[in-house]
Every structure is written in C-alpha cells, then in structure tokens.
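Read the structure below first, then the notes.
Read the figures in this text as sums done on the coordinates, not as results from a lab. This structure is a prediction, so every number in the text was calculated from the model and none was measured. Ideal geometry is used to build each Cβ from the backbone, glycine not excepted, and the neighbour counts take in all protein chains shown.
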Amino acid sequence: MNPTTPLFDRRLAYGIFRLTMGVNMLIHGAVRIFGPGVGAFAAGTEKAFTTTALPYGMVHSFLVFLPYAELILGASITVGFLTRWGLALGGLLMTALVFGTSLRSDWATVGLQMVYALLYYLLLANIGDDYFSLDRLFGKKGDV
C-alpha cells in the first residue's frame, strides 16, 4: 500500500481514531477496576439512581458489570480484534447508559454519552477502512 494515497490516509485516520476510542474505553474500565475498585465505583455511582424507578439490584449489578465491559470492549477496540462486535456492543452499552442517565434527567451527561454514541456510529459505519488491526492481520475484517 502506497503511503501517499488518499486510501492510505483514510485507513491511517481510522486506525488512529479506533485506537483512541479503544484506549479511552480501556482506561475507563481499568481505572474503575484497579483504582478504588468496582465495589467503590458501584457504591458511589448508584446513589445517583435512588430517585429513579430502576430497582437497586439492577442498578448495582449493571454498575459492577460496567467496568469489566469497558475494559474488555476497550481492549478489543484498541487492538482491532473482533472490531465490529466490539463497536456494536460498545454502542449498545452507550444505549443502556443513555437510558439510565435520562431517567435521572442528567441532560449534560446524556449529551456527552450521545457524543460517544456518535463516535461508535462513525467507527462502525466506516469499518471498511479498518486496516491497521488484528482483524486485518488475521484476515477477518472485524467479523467473528
């Protein structure tokens, strides 16, 4: 591949974009797991949901699950392994976050989450440009 072509530029840009999104999600999860711990994260965050109709057990379970999902999806997206599924599941994770945050009427946070949803959309819609990835190395193009 010629590094002076527009195709190379598009693939390089996608790779950097995917890498950045993956590192973002990976660090979200890692800090919550290896920092204060998942229990502390869940305990601190679940207080914000006491005024919603969501049952405590469901909120607590989701908040315990969330850092691990962020870590796994972030690692997958970072290295470009099972990229299509990582991006799709990341987008669905954002849907769940938007739902819960909307119930709290925390519109500023919902706005930020919508930006993440848009980023997942852009990455998934342009997955054909995913060249610098393990999927490409293994000849998968983001598929299982």
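Summary of computed values
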| read-out | value |
| --- | --- |
| Relative contact order (%) - the range 1-76, alpha-carbon pairs under 8 angstrom, separation at least six | 45 percent |
| Acute angle (nearest 10 degrees) that the helix 56-79 long axis makes with the longest principal axis of the chain, alpha-carbon atoms | 20 degrees |
| Gyration tensor verdict on the range 58-137 (Cα atoms; rounded if a/c is under 1.5, prolate if a/b is larger than b/c, oblate otherwise) | oblate |
| Test item: Cα-centred dipole of the chain, Lys/Arg +1 and Asp/Glu -1 on Cβ, debye | 100 debye |
| Using alpha-carbon coordinates, inclination of helix 6-34 to the longest axis of the chain, degrees | 30 degrees |
| For Gly80, residues with placed amide H under 5 Å, excluding near neighbours | Leu134 |
| Residue exposure sequence - Glu70, Glu46 - by fewest surrounding Cβ within 10 Å | Glu46, Glu70 |
| Cα→Cβ-extended label distance, 7 Å offset, between Asn2 and Phe17, nm | 2.3 nm |
| Selected from Arg104, Arg84, Arg18 as most flexible by GNM, with the chain as the system and alpha-carbon contacts under 10 Å | Arg104 |
